[in-house]
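The values are calculated or read from the model by the stated rules, or taken from the named source; none is laboratory data. On a predicted model such as this, the values are computed, not experimentally measured, just so you know. Heads up, the Cβs are rebuilt from the backbone with ideal geometry, glycines too, and the neighbour counts pull from every protein chain shown. With ligands, DNA and RNA removed, areas are computed over all heavy atoms of the protein, side chains included. Shrake-Rupley method; radii C 1.70, N 1.55, O 1.52, S 1.80 Å.
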Amino acid sequence: MVAADQESFFATAPPLGDAVAVAAKLQEFIARNSSRSHPSEGGGRRRIVCVTSGGTTVPLEQRCVRYIDNFSSGHRGAASTEYFLKAGYAVIFIHRRGSCQPFCRFLPDDSFLNFFDITTESKVQVVESHTTVVKKAIGEYSKAIEGGSLLKLPFTTIFEYLQLLKMVATSMSSVGLHGMFYLAAAVSDFYVPWDSMAKHKIQSAGGPLDMKLSQVPKMLSVLRNQWAPLAFCVSFKLETDSEILIQKAEMALNKYKMNVVVANLLATYKEEVVVVSNGERNTIRRCSKDEDLEEHIIMLLEKSHSKYICSSADACSKN
Ligand code: PAZ
């Protein structure tokens, strides 16, 4: 059932506009980074992580005027990308267009212009009080981009997101144990299949809108079983009811054979997460608003990923 649903999802989805160019960039990024060595592994291969970030939209019309969206800002994915880069990973950042970006998290949405001063007729400069933070961000961002350790791939709709994830996962299968998926995007559970979607703007003259949404096929099991069977997979589980959070996270861990599930509640996800893995639950809390919870999550995951690489490599060499 899952296989048929996912085949029909991809067969009917509008193809990615720039698929050939994206595939070429991706191949080049993976080839270059997997031939480098990882800083914490004396000569071991460089690790590559695919971070997904932000919410997917669900269009209601093919020539889209209206869509269903969700609350995700992309902050978690952007912050996590920064900490993965710091830990020596190369990062493929699949992100929602217009969502929060790595090294730009400190930029205010509504008072961006307060960062600048007009100094002379032809010159604009960053105001003194923000110079340090802007310089640091430009330095770190340029290092990641010019050093070839960060590849940014944008999406808007659920169709684009899942096609990108499939493309990245199948391309990353060559990286095997050294690849990680960190799936922080808030992905729609329901959608309108492209072939049953209204072509033009839905008219209101017909009265109330009665619309049936289909279930988005569960791609976590496809990711684990087909696209990237050796990768270290971390998925996120968001709930609003604390009574069911851990149980749902454990279900995802077992059902989709994830290595780790990060469980969080809508009311507290910026302050606290529970990292659930086989037989272990680690609660991570931030102590102050100046601290990034993501720094602690990535530290923990880096260690688990190292153990996974060692134990899988050991198991392979014994067979
Ligand atoms: O993007 P953001 O920082 O606003 O939110 C992060 C999050 C809550 C979307 C993420 O931590 C998460 O739980 N993602 C998975 C959501 C889900 O269960 O589909």
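Out of every Cα-Cα pair in the range 136-207, what percent are more than 15 Å apart?
Value for the range 136-207 (Cα pairs over 15 Å): 73 percent.
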query = If r is the Cβ-Cβ distance from A24 to K143 and R0 is 22 Å, what FRET efficiency results, to the nearest 0.05?
reply = 0.40
remark   = The simple spin-label model distance between C104 and L209, using points 7 Å out along Cα→Cβ, in nm, is 2.9
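Please work out the average accessible area per residue across the range 209-319, using the 1.4 Å probe convention, and give it in Å².
I get 58 Å² per residue for this part.
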inquiry  = Given the whole protein assembly as supplied and a 1.4 Å probe, what does the accessible area of Y67 come to in Å², nearest 10?
reply    = 120
key: Cα centre as origin, Lys/Arg/Asp/Glu Cβ charges: the range 21-175 dipole, Debye   = 620
key: Full-stretch length increase - N282, T132 - with 0.36 nm per residue and alpha-carbon distance subtracted   = 50.5 nm
task = Quantify, in whole percent, the carbon and sulfur part of the accessible surface of the range 207-319 (1.4 Å probe; protein heavy atoms only).
result = 51
query = Once you sort the root eigenvalues of the Cα gyration tensor of the range 37-130 as a ≥ b ≥ c, which label holds: rounded (a/c under 1.5), prolate (a/b larger than b/c) or oblate (the other case)?
reply = oblate
Rotationally averaged projected area of the range 224-319 (alpha carbon convex hull; nm²) = 7.0
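About the Cα centre of the range 230-319, what is the dipole size in debye to 20, counting +1 per Lys and Arg Cβ and -1 per Asp and Glu Cβ, all else neutral?
It works out to roughly 400 debye.
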ask   = Kirkwood hydrodynamic radius (Cα pairs, Å) of the range 154-258?
value = 16.1
remark   = Residues whose built amide H sits under 5 Å from the amide H of C50, excluding neighbours closer than 5 in sequence, are I92, M180, F181, Y182
query = According to a simple spin-label model (label point 7 Å from Cα along Cα-to-Cβ), what is the distance in nm between R63 and K307?
reply = 5.6
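For each pair in K218/K289; K123/K143; K152/K237, compute the distance between the two Cα atoms and list the pairs where it is over 31 Å.
K218/K289
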request  = Sort the range 18-91 into rounded, prolate or oblate with this rule: let a ≥ b ≥ c be the square roots of the eigenvalues of the Cα gyration tensor; rounded if a/c is under 1.5, and if a/c is not under 1.5, prolate when a/b is larger than b/c, oblate otherwise.
outcome  = oblate
task = Would you look at the GNM of the chain, springs on alpha carbons closer than 10 Å, and say which of G55, G207, G77 moves the most?
result = G207
key: Tensor-based shape of the chain (alpha-carbon gyration tensor, a/c under 1.5 rounded, otherwise prolate or oblate)   = rounded
task = Treat each spin label as a single point 7 Å out from the Cα along the C-beta direction, and report the R32 to S111 distance in nm.
result = 3.9
key: Dipole-positive endmost among G206, T52, P15 within the chain (Cβ charges, Cα centre)   = P15
request  = Given the options H178, H38, H130, state which has the largest fluctuation in a GNM of the chain using a 10 Å cut-off (strictly under) for Cα springs.
outcome  = H130
inquiry  = Helix-only mean residue ellipticity at 222 nm, the chain, DSSP H runs n ≥ 4 weighted -39,500 (n - 2.57), per residue, nearest 500. What is it?
reply    = -11500 deg cm²/dmol
query = Rounded to a whole number, what % of the accessible area of the range 74-115 do carbon and sulfur atoms account for, probe 1.4 Å?
reply = 54
ask   = With every protein chain present, what accessible area does K166 have (1.4 Å probe, heavy atoms only), rounded to the nearest 10 Å²?
value = 70
ask   = What's the extension gain from Q125 to A267 if we count 0.36 nm per residue and subtract their Cα-Cα distance?
value = 47.3 nm
request  = Please work out the Cα center distance from the range 53-90 to the range 194-267, rounded to the nearest Å.
outcome  = 14
task = With a length cut of 18 Å (Cα positions projected on each helix's long axis) and a Kyte-Doolittle mean of at least -0.5, go through the chain and give me the DSSP H helices that pass.
result = 19-34, 131-146, 158-172, 242-255, 293-318
request  = Skip the ligands, DNA and RNA, and give the accessible area per residue of the range 1-91 with a 1.4 Å probe, whole Å².
outcome  = 44
